[in-house]
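The values are calculated or read from the model by the stated rules, or taken from the named source; none is laboratory data. What you see is a predicted model, and the numbers here were worked out from it, not measured in a lab. No Cβ is skipped: glycine too gets one built from the backbone with ideal geometry, and neighbour counts run over all protein chains shown. Areas reflect the complete protein model, heavy atoms only, side chains present, ligands, DNA and RNA absent. Shrake-Rupley method; radii C 1.70, N 1.55, O 1.52, S 1.80 Å.
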Amino acid sequence: MGLMTAPPPVPRTGAALRAALLEAVVLAGHLLLYPTGVRSEDPAPAGGPAPLPPVLLLHGFTDNRSVFVLLRRALGAGGRRRVETYNYSPFTRDLRVTARHLARRVEELCERSGQDRVDLVGHSLGGLVGRYYVQRLGGDARVRTLVTLGTPHEGTRVAPFMDAHPLVRQMRPDSAVMAELRAPVPGCRTRCVAFWSEFDALMAPTGTARIEHPDLDATNIQVTGIGHLALPVHPAVITAVRRALDGPVRATDAASRPTENLRPTGTEGESRAI
């Protein structure tokens, strides 16, 4: 959903107030950076394969690639992986069409990078586009790991006044797209990691940002004290995303994380708190 805003919940605790203030700061900074990401980036030239699969970053509704400035820098540090962004059209009216365009971009990225598989990181609607590609268009053959940040996997009821927009209607719990994503996908080869926050004002209910599908290898990671816009830029989340792409997130990682925002619990394939 990106830059689409909704009335935030009235802060009732110190943590909620801090999260709301952080959202305001992030929004102000992102509005300044937004013009720099309007134009799609030029694809990097072909080069020797990096040690890790390339990463393609997918932005949210009404947003663009500028939201990933910090995450992109962190993931690309040390030259271990190629990191690129994908700006889909702001005029798109069907996420299924965008997912088909994504499929072509992934094929092109694999050819340029010399890799057989890629990793996808999607914020909000971007995560839903990536998941549709994986589940419905055979993308599990190309996507090793799908990481989603504040993505309405079960649909969101926020902002009913925006139902006039076709994309918003597709993100409703009773939409045809959600029904397709609930369909069986036996043998899906993509590992999924979903980050969600109790202070995400665009997820209604907040738990909708979890992946709950019996056929998917999914790990759900709860982020504390962070709202929707802060998910792609918060240092704790960026660190966790990088670790998720380096390998499975383990409960034992908590001991080495110097932040109260990350508290993994549970076992692989179950919900965790961060």
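Some notes on this structure:
- Of 96, 80, 169, the one that fluctuates the most in a GNM where the chain has Cα springs shorter than 10 Å: 80
- Rounded to the nearest angstrom and listed largest first, the equivalent-ellipsoid semi-axes of segment 36-84 from its Cα gyration tensor are 21, 12, 9.
- Near the amide H of residue 221, within less than 5 Å, lie the amide hydrogens of 194, 195, 196, 272, all on another chain or at least 5 residues away, with H placed in the peptide plane.
- Note, ³J(HN,Hα) from phi for segment 124-138, Karplus 6.51, -1.76, 1.60, rounded to Hz, x at Gly and Pro: 6, 4, x, x, 5, 4, x, 5, 4, 4, 5, 7, 10, 10, x
- ³J(HN,Hα) computed for each position of segment 81-94 - Karplus, 6.51 cos²θ - 1.76 cosθ + 1.60, integer Hz, glycine/proline x: 8, 7, 10, 10, 10, 10, 8, 8, 4, x, 9, 4, 10, 8
- Within the accessible area of segment 164-251 (1.4 Å probe), percent carbon and sulfur: 57
- For segment 40-140, applying the loop criterion from DSSP together with a ceiling of 14 other beta carbons within 10 Å to the GluC sites (Glu not before Pro) yields 41.
- Less than 5 angstrom separates the built amide H of residue 199 from those of 225, 226, all sequence-distant by 5 or more or on a different chain.
- Overall dimensions of the chain by Cα: Rg and Dmax, Å: 17.2, 52
- With every protein chain in place and a 1.4 angstrom probe, the accessible-area ranking of 203, 162, largest first, reads 162, 203.
- The phi torsions of segment 144-151, fed into the Karplus equation with coefficients 6.51, -1.76 and 1.60 and a -60° offset, translate into couplings of 6, 9, 10, 10, 10, 10, x, 9 Hz, rounded to whole numbers, with Gly and Pro shown as x.
- Cα gyration tensor shape of segment 136-209, rounded if a/c is under 1.5, else prolate or oblate by comparing a/b with b/c: oblate
- Springs between Cα atoms under 10 Å define the GNM used for the chain, and in it the highest mean-square fluctuation of 54, 45, 205 occurs at 45.
- Estimated translational diffusion coefficient (Stokes-Einstein, Kirkwood radius over Cα pairs, 37 °C, 0.692 mPa s) of segment 60-99: 280 µm² per second.
- Amide proton proximity set for residue 147, modelled H, under 5 Å, gap of 5+: 120, 121, 122, 193
- Neighbourhood charge, 13 Å Cβ-Cβ cut-off, centred on residue 31 and excluding it, Lys, Arg +1 and Asp, Glu -1: -2
- Across q = 0.18 Å⁻¹, segment 1-158 modelled as identical point scatterers on its alpha-carbon atoms has Debye log10 I(q)/I(0) values of -1.13, in the order of the q list.
- Most fluctuating residue given options 29, 60, 122, as computed from a GNM of the chain linking Cα atoms under 10 Å: 29
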